[in-house]
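The values are calculated or read from the model by the stated rules, or taken from the named source; none is laboratory data. Since the structure is predicted, the reported quantities are computational estimates derived from the model, not experimental observations. Every residue, glycine among them, receives a Cβ derived from its backbone with ideal geometry; neighbour counts consider all protein chains shown. Ligands, DNA and RNA are stripped out before the accessible areas are found, and what is left, the full protein with its side chains, is counted by its heavy atoms. Shrake-Rupley method; radii C 1.70, N 1.55, O 1.52, S 1.80 Å.
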Amino acid sequence: MTMTDVAFYLLSGFAIWTGWRVFRVDSMIRATFLLLLSFTSVGLIGLLLSASYLGAATIFMMAVEMMVMGLFMVMFMMNPAGLNPMMMVHQHRLSIVAGLLIFAAMTGAVLLTPLPSDPVAADRPVLRDLGIELLGDSMLIFETAGVTLLATMLGAVVLSSRRGRFGPTDAGSVPPGLSAGGPPAGRQPKGGGSHGGHGGHGGHGGQGGKGAHDGHGGGGSHGGHGKNGGDGNHGGHGG
Amino acid sequence: MTLSAILIVSAALFGIGLYGALSQKSFVMLMMGLELMLNGSLLATMGFWSLALGGAPKGQLLAIIIMAVMAIELAIGFALIVAVYRKRQADVTEALETLAR
């Protein structure tokens, strides 16, 4: 067994272990960094496989991606630091069985299939070949990937925009209920709750606005703009 | 280091990712599962390119396409998370039981 083999098995075990720990730790930030370690291990395996460009690109790209993911973890998760035990899972047994089944099926296919063997020659200029390929025969594919990424950027901006084609994207937003089909969870605005924009409560438009600042505004989010009952009626659209 | 060993490792990563994508309630954790599945695919592609294709450059091109898919999945996924949160104030899959409200 050569040093390359030892490094491969160590990196493989580390990649699998960190990948598994991603879903077992309480801290979401730790989960993000564990996923980054798994990606880094795969990138290093790529370096062992003579794919120097792919290995390095994987490490650099995933470092940035995981930082973004960590940011979103802090924004959206209730327990980013792992101060409390947390296990936010559903259909757990089914998921375990599905994961094991797919692993067993793919492993069986690998072991039963006669795989070709044609390793990269040690003196082959793989980076030069890749460059010639990207700017030669496969330029159209490469450019298509670039245009797709541009379209992705535009789509991401449009999707996450605060203002959509038909008005504010959070109009009528209400928190989900604690039970299926139940009433919205969380605090409700004082100025009439989720119906804060109705005419009868129009005079409380200012209070509806306060509720909107709390993030539970519901229909009151527009009532907040109102100075009188008329504008409170406008808020009724949101409800 | 054989192709079979690399493919088995990639199958393990894919299986763990599938477990995460199916089991996690949080959107962000669900995306982590998807990323792990793509991680396994990327490793399998690199293994095939290195040990079965003789270093043909089109194999590396396929791996680059997989990396582009990873980036697209992450960007659009996070944009969808933001959009769903704006509309439903939801960050878990259970909050999206109905498509229309």
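Take each residue in A:148-155, count the other chain C-beta atoms within 10 Å of its C-beta, and the mean is 4. At full extension, residue A:71 and residue A:93 could sit 4.9 nm farther apart than now, given 0.36 nm per residue minus the alpha carbon distance.
Largest mean-square fluctuation among B:21, B:52, B:44, in a Gaussian network model of chain B whose springs join Cα atoms under 10 Å apart, belongs to B:52.
Between 0 and 90 degrees, rounded to the nearest ten: what's the tilt of helix B:3-23 against the longest Cα principal axis of chain B? Relative to chain B, helix B:3-23 is tipped by roughly 0 degrees. Applying 0.36 nm per residue to the separation of residue A:24 and residue A:56 and subtracting their alpha-carbon distance, the gain on full extension is 8.7 nm.
Given the convex hull of the Cα atoms of the stretch A:23-80, what is a quarter of its surface area in nm²? One quarter of the hull surface, i.e. the mean projection, equals 3.7 nm². In the context of the full protein assembly, residue A:50 retains an accessible surface of approximately 50 Å², using a probe radius of 1.4 Å and ignoring ligands and nucleic acids. Legend: mean number of C-beta atoms from other chains within 10 angstrom of residue C-beta atoms, peptide A:43-50, equals 5.
Full extension of the chain between residue A:105 and residue A:117 gives 2.1 nm of extra length, using 0.36 nm per residue less the Cα-Cα distance.
For the stretch A:1-147, what does the alpha-carbon gyration tensor say about shape, rounded, prolate or oblate, given a ≥ b ≥ c as the root eigenvalues, a/c under 1.5 as rounded, and a/b over b/c as prolate? Prolate, since a/c reaches 1.5 and a/b exceeds b/c.
Measuring max minus min along each principal axis, the C-alpha atoms of the stretch A:86-136 give extents of 49, 32, 19 Å (largest first). Taking amide H atoms as placed 1.01 Å from N in the peptide plane, the amide H of residue A:164 lies under 5 Å from those of A:169, each 5 or more residues away in sequence or on another chain. Helix B:27-51 axis versus longest C-alpha principal axis of chain B: approximately 10°, rounded to the nearest ten. Taking Cα atoms only, the orientation of helix B:57-88 departs from the longest principal axis of chain B by about 10 degrees.
Sparse packing (at most 13 other Cβ atoms within 10 Å of the Cβ) combined with a DSSP loop state is found for the following trypsin sites (Lys or Arg not before Pro) in the stretch A:1-47: A:24.
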